[in-house]
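Presented below is the structure to which this report refers.
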Amino acid sequence: MSKIAIAIHGGAGTVLKKYITTEQEAAYKKALKQALDVGYAALEQNKTAVDAVELSIIEMENSPLFNAGKGAVFSNKGTHEMDASIMEGKTLYAGAVALVQSIKNPISLARLIMDKSEHVMLAGEGAIEFAKKMKCKFEQDSYFYDEFRYQQWLEVKGSDKVQLDHSVNKNKKIGTIGAVAFDAFGNLAAGTSTGGVTNKKIGRIGDSPIIGSGTYANNLTCAISCTGTGEFFMRGVVAYDISCLMEYKGMSIVDACHEVVNNKLLKLGGDGGLVGVDACGNIAISFNTEGMYRAYKQSDKSEVIAIYKD
């Protein structure tokens, strides 16, 4: 069998073992494993890297544990505005969606935009119209209601404050989700999905749907999916910066990810992390926070599922 590889993340932040119960840790690891297994099985069946990325992210979007899809956080109006993007490395085709409500799986809508439209990104009402045309699955507001997310919002409701999941005592349910994959045909893909930040202003868009900032894939170099404080990842064009360091400076994916996450991003004041895979199927995991929900598996190595900084 040709080499295959997949890596996923469920958010980075102040993830400290003392704040997570044994039951919560087990639930997160189970959810990560399920998402990893779905994507890896697709690669084993000779499906594309794009297929694997989408399937893994769908699995996490359907879980209330992560800030995407069903577990998306509340905006300052008490609504859910979701963003997602996907990119394949062979042709650099990409699709992205922003500011959508009621869509069960934003990552699938992002893929449809890539595959079935002439655009890269659609947002708001236009994205919803396209989703209806493509017969995407819609859900009622009650589907996206989560008591923990609601209590998060009440803490800052009525203020100008936004509340990141990446802070102490907020680690019961953390963050933006994403996946990267390397398939048996030698192609790369990356995808990212998020509900944003609690109490965000209506219309706020972070890095997750921005190609080059939160998501990037290029067969010449790597596939990257990011999680963290989106504004900093946008300013640093993080995902594309890693690809550039590999292409123009000849750095390995591990070294390039470390340079961007632990040097360049920190200098901007940004926190977070990412998962990556290069054109040879080598995995890189990098984060400058106390932890990141993450998992990966390669055909020539055993799987890894982890939460805390080791």
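The values are calculated or read from the model by the stated rules, or taken from the named source; none is laboratory data. In this text, all values refer to a predicted model and were calculated from it rather than measured experimentally. Don't worry about glycine lacking a Cβ; one is built from the backbone with ideal geometry, like all the others, and counts go over all protein chains shown.
Some notes on this structure:
- Residues satisfying the stated conditions in the range 267-285, i.e. farther than 24 Å from Gln34 by Cβ and either touching a residue at least 12 places away in the same chain (Cβ under 8 Å) or of a type in the set (A, V, I, L, M) (or both): Leu268, Gly269, Gly270, Asp271, Asp278, Ala279, Cys280, Asn282
- Among the residues listed as Ile253, Ile242, Ile285, the single one being on the phi < 0 side of the Ramachandran plot and within 16 Å of the chain's Cα centre (by Cα): Ile285
- Options Gly270, Gly214; residue that is buried (at least 19 other Cβ atoms within 10 Å of the Cβ) and closer than 23 Å to Met114 by Cβ: Gly214
- Among (1) surrounded by fewer than 19 Cβ atoms within 10 Å (Cβ to Cβ); (2) under 18 Å from the mean Cα position of the chain (by Cα), the one test that Arg294 misses: (1)
- Boolean, Gly39 is surrounded by 18 or more Cβ atoms within 10 Å (Cβ to Cβ), closer than 20 Å to Leu188 by Cβ, in contact with a Leu (Cβ under 7 Å, 6 or more places away or on another chain) and not charged (D, E, K, R): yes
- Test: residue in the range 41-50 that is farther than 21 Å from Thr227 by Cβ, at pLDDT below 95 and either out of contact with any Asp or Glu (no Cβ under 7 Å at 6 or more places or on another chain) or part of a loop (DSSP other than H, G, I, E, B) (or both): no
- Just so you know, in the range 127-138 the residues that are part of a loop (DSSP other than H, G, I, E, B) and more than 21 Å from the chain's Cα centre (by Cα) include one that is farthest from Ser85 (Cα to Cα), and it is Lys135.
- Residue check, Val277 crowded, with 16+ Cβ neighbours inside 10 Å, on the phi < 0 side of the Ramachandran plot and within 16 Å of the chain's Cα centre (by Cα): yes
- Looking only at the range 179-226, and only at residues there that are under 19 Å from Leu99 (Cβ atoms) and hydroxyl-bearing (Ser, Thr, Tyr), the one that is modelled with the lowest pLDDT: Thr198
- Single residue of the range 76-101 satisfying the filter (without any contact (Cβ under 8 Å) to a residue 40 or more places away in the chain and β-branched (Val, Ile, Thr)) that is surrounded by the most Cβ atoms within 10 Å (Cβ to Cβ): Val100
- Note on the range 198-211: among residues that are surrounded by 24 or more Cβ atoms within 10 Å (Cβ to Cβ) and among the β-branched types (Val, Ile, Thr), the one that is nearest to Gly39 (Cα to Cα) is Ile210.
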